[in-house]
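For reference, the structure discussed in these notes is given below.
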4 protein chains.
Amino acid sequence: MNFKTKISKIENQDVTIRGEKLSSLVKTGSFTDSIFLLLSGRKPNENESILFEKVLTAVIDHGMGTTSSLSSRFVASGGNSLNVGVGAGVLSIGNYHGGAIENAMKFFYELKDASDEDVKEKVKDMLTKKETLYGFGHKIYKQGDPRVAVIIEEMKTSTFLRFKDLIESTIKETKGKQIPINIDGLIAIILCDFGFDPLLGKGIFIIGRTPGLVAQTYEELKEEKPVRRLAEEDITYIK
Amino acid sequence: MNFKTKISKIENQDVTIRGEKLSSLVKTGSFTDSIFLLLSGRKPNENESILFEKVLTAVIDHGMGTTSSLSSRFVASGGNSLNVGVGAGVLSIGNYHGGAIENAMKFFYELKDASDEDVKEKVKDMLTKKETLYGFGHKIYKQGDPRVAVIIEEMKTSTFLRFKDLIESTIKETKGKQIPINIDGLIAIILCDFGFDPLLGKGIFIIGRTPGLVAQTYEELKEEKPVRRLAEEDITYIK
Amino acid sequence: MNFKTKISKIENQDVTIRGEKLSSLVKTGSFTDSIFLLLSGRKPNENESILFEKVLTAVIDHGMGTTSSLSSRFVASGGNSLNVGVGAGVLSIGNYHGGAIENAMKFFYELKDASDEDVKEKVKDMLTKKETLYGFGHKIYKQGDPRVAVIIEEMKTSTFLRFKDLIESTIKETKGKQIPINIDGLIAIILCDFGFDPLLGKGIFIIGRTPGLVAQTYEELKEEKPVRRLAEEDITYIK
Amino acid sequence: MNFKTKISKIENQDVTIRGEKLSSLVKTGSFTDSIFLLLSGRKPNENESILFEKVLTAVIDHGMGTTSSLSSRFVASGGNSLNVGVGAGVLSIGNYHGGAIENAMKFFYELKDASDEDVKEKVKDMLTKKETLYGFGHKIYKQGDPRVAVIIEEMKTSTFLRFKDLIESTIKETKGKQIPINIDGLIAIILCDFGFDPLLGKGIFIIGRTPGLVAQTYEELKEEKPVRRLAEEDITYIK
């Protein structure tokens, strides 16, 4: 079994992460910049640093009722410690919960060098075939997600932001209604600007959401009675 | 089944977290300050904010060979997606891996109002009985953990830092050798200064380490062949 | 890192489990007897074999509404494969869900050599102190669990069955009402008769329930829309 | 959120599973027959019952060194209880570990009505394109898996067993060497004979292997020191 890595190295009574001493990262003291370095192998520039803080904050928690919050709470309520509840919440972050970032990133990267016209044609074609346009539309934020607006304000330069307007306007033209970009779509644009691998899309969501899962699991353990279960009258038996 | 929460609330096309609008938190743009608010219900002051960045950075990754990194990698190598590997790593953060913070916090809180003499007596008694002093000593950092030093520099005021010197000096007197505080012990002191519940100790470790688990799992998925397993010659069969 | 085991061994193109060739176990062809051997190191006698089949069958599934079924279903609904849903269900089987078997076993083993009078005294004392008598009482089966009756019929000889009558009658005398043994309590008695370690109590429950979790997760993946979440109106926000 | 199920129902102080009372299943007392009913909705016939016992026994454990055993052990060694270790092992049973059954089943079902000649052509084509033939070949059992032989003896009638000889002989003709069916391939044939959905293939493997994961995790908790980790000298740092 091979154990080789380029992430980090323990040597001379310190850890080196992507070429930087961990104690130096602690001294500099930005958790978010350290995450950026750890995942990408390079330090963010000033604007990237500002945007990455916003991206992670934007997904920190989305209420008690999300799939991951409930997964954490149910598993914890069986009589488990905090790490097990949080771990179960992370497990639930699958293709349909946080997975849109990765899919949107793949789509944007594929069309990176396409002309505006080609992008619009592609989107029209997908709309006709009823294929999913990852990163657009939201059940709750019909008028646009307030997190999106405050992040865009800070996007000084962006190669991929053009996809927002191109896709929104094509949807408007084709379907006659406004379906704005959602937070997953905007995060995908930013991570493409950073040059991140799409496979890291879900990872960024997990890092951002883990504090929320800690909070939800902690509340469950402190405030709720154990063994959550459905009442029989809430179950419908079918044949 | 009751579903009640004081963490966060979806209303008026926005999320409110502990009384703050999520879009405002995104605008302000500090991930770490938002974590602090989410977990404690209050915003950190300036020094707390600086220290919390350092605490989370300090545990971001500790090499490929840790229990949680290997748990992530083995589970991922069975043919699973990123979230499953990261979730398995979080699961492994049990009583013996990241658990010292919680235990040290309980100990410090219990002795919060004790006199220096009483603390020294208590520690001597524990050393005699060979009980564990959580948060002191490390297999690798015999001379003291370099992360500890750079964090202490920033600790302007601290109610609980006295436990470091009291316990280190009592160990020196009793056992005749230096066993310095480790990063878990120092984090425990800081979280006690913050007034956090000991049960959140493991949660802070999980939040800090999740980026490392994302990096380790990502590398496993990108670089390694599937299905890690032991060679038969590495296994000893006993009766 | 040591890798030593007495469970099983790959050699000469076959696996040996607790001294038996796996191909021979397959030829003999009893899954349940093989589980018994694997866990205890010895083959069951005829009556033990009959009882162990019943024990595992008794916990195979307990409806859609249990904590473990819901944990499996929520995690699967985030967009995960079957193994992840089933794994999450197993995680949820903590101290309060399936954990009573282990606790009851410890209690019975401790009192193994106590006289009937001493057992009754101990139970009375616990009832007075409102301590939990693991393995007695059930929210649904007020008149006694139908699974209990059909298993007891087959218990030819039992050292530990006396605890059922002793505890039930002491409860009746002390509290004036019938609180019958539940399936966890009876399984604890049987596993004590087998001489199993209490730590295996939860393991037996997990083995028995895993088919139910496979069925529940499979149904979720085949029949339900992804991303289960609470409706906002089902959540109560508190301060 | 809909909660509807056709698996099982709690009513009249008993549980009904697929139309059968759970207490009746316990009285009849076959764990394996009950699993068959729970998953498929029908009881097995006599030969199916015999074969299903063998299938589950065949995968009960495969040594300490498998991906799932190690996943269980690493997670448990972080300081977790039995259910968490076993759950982590189940998580690891992904596409590359136990996943071949599902893939082989899909392949056999697709070719169910194909002529022998068409099957051989298809297999030749796949070999030319170096596509994976799921269910054939094994690193350890070069001469054929001893579990396969003892199961085939009991296969009275089989619609799908013809794929074994057809594929083995086509491989022999095309590549000039013997690559025998493995246990995954034979299980796939049997589950196709049963008429099971391919998605249940991994579920059967999980049910069969869970006892092994309980045994491995139990041994880890009883016999090993906590916090398994790699020694630094076992890690290779690359750039």
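The values are calculated or read from the model by the stated rules, or taken from the named source; none is laboratory data. The structure presented is a predicted model; accordingly, all values stated were derived computationally and were not measured. Cβ: placed from backbone, ideal geometry, glycine included. Neighbour counts: every protein chain shown.
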Any helices (runs of 4 or more DSSP H) falling wholly within the stretch C:1-116 and containing at least 1 residues that are crowded, with 24+ Cβ neighbours inside 10 Å and within 11 Å of chain A (Cβ to nearest Cβ): C:67-77, C:82-92, C:100-110
Tally of residues being more than 25 Å from residue A:22 (Cα to Cα) and either assigned to a helix (DSSP H, G or I) or within 17 Å of the chain's Cα centre (by Cα) (or both) across the stretch B:126-142: 4
Residue among C:95, C:47 that alone is more than 27 Å from residue D:7 (Cα to Cα) and of a type outside the set (A, V, I, L, M, F, W, C): C:47
Test: residue in the stretch C:18-37 that is within 21 Å of residue C:193 (Cα to Cα) and of a type in the set (Phe, Trp, Tyr): yes
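Here is a yes/no grid of residues against (1) under 30 Å from residue D:227 (Cβ atoms); (2) touching a Pro at 6+ places or on another chain (Cβ under 9 Å); (3) not assigned by TED's automatic domain parsing to the domain that holds residue D:210:
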| position | (1), (2), (3) |
| --- | --- |
| D:1 | no, no, yes |
| D:36 | no, yes, yes |
| D:58 | no, no, no |
| D:63 | yes, no, no |
| D:66 | yes, no, no |
| D:72 | yes, no, no |
| D:77 | yes, yes, no |
| D:80 | yes, no, no |
Candidate set: the stretch D:146-168, residues that are in contact (Cβ under 8 Å) with a residue 40 or more places away in the chain and either in a loop (DSSP other than H, G, I, E, B) or more than 21 Å from the chain's Cα centre (by Cα) (or both); chosen: the one surrounded by the most Cβ atoms within 10 Å (Cβ to Cβ): D:160
Residues of the stretch D:187-203 that turn out to be in a helix (DSSP H, G or I) and either more than 8 Å from chain C (Cβ to nearest Cβ) or touching a strand residue (DSSP E or B) at 6+ places or on another chain (Cβ under 9 Å) (or both), as a count: 9
Residue that is away from chain A (no Cβ under 14 Å) and touching a Leu at 6+ places or on another chain (Cβ under 6 Å), where the choices are C:174, C:210: C:174
Pick from the stretch D:216-231, criterion in a helix (DSSP H, G or I) and in contact with a Gly (Cβ under 8 Å, 6 or more places away or on another chain), ranking: surrounded by the fewest Cβ atoms within 10 Å (Cβ to Cβ): D:221
